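Derivation of every value follows stated rules applied to the coordinates shown; laboratory data play no part. Just so it is clear, the structure is predicted and the values come from calculations on it, not from any experiment. Because the Cβ atoms are built from the backbone with ideal geometry, glycine has one as well, and the counts that use them run over all protein chains shown.
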Amino acid sequence: MTEIDPRVARLNASIQGRLSRYEGDRKHISDAAVHADHQRKWMREHQPEGGQWGAPCMGDHEQSTPWPCQQMQNFDSPMAYMD
Ligand SMILES: [Zn+2]
């Protein structure tokens with residue numbers, strides 16, 4: 001099995017941390033849980049080939065897109081977790 005690029009692992013962990021905090025702060029909001037589920041599914045699909053930074057994203061893109069694709073970059077922005 002190919003080793004995951006540490007930068008890939010770090011970005012995924014960063015996004016997961018943001019998402020967990022987002023969810024934790026909004027336990028009473030059902031839409032937040034729905035949003036988090038969508039994002040987790042999206043993150044499972046949008047990973048780089050071979051786990052390497054800059055490799056093509058395996059998510060659904062019209063054209064081959066190097067990872068992290070735009071949406072993954074957006075997920076790592078605090079702006080993505082505002083109400
Ligand atoms: Zn993607």
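A few points about this structure:
- Applying the Karplus relation 6.51 cos²θ - 1.76 cosθ + 1.60 with θ = phi - 60° to segment 8-23 yields 3J(HN,Hα) values of 5, 4, 5, 5, 4, 5, 4, 5, 4, x, 4, 5, 4, 5, 4, 5 Hz, where x marks Gly and Pro.
- A simple count of charges around residue 82, restricted to other residues whose Cβ falls under 15 Å of its Cβ and scoring Lys, Arg +1 and Asp, Glu -1, yields -2.
- 222 nm mean residue ellipticity, helices alone, for the chain (DSSP H n ≥ 4; -39,500 (n - 2.57); rounded to 500): -16000 deg cm²/dmol
- For the chain, convex hull of alpha carbons as volume per residue, Å³: 95 Å³
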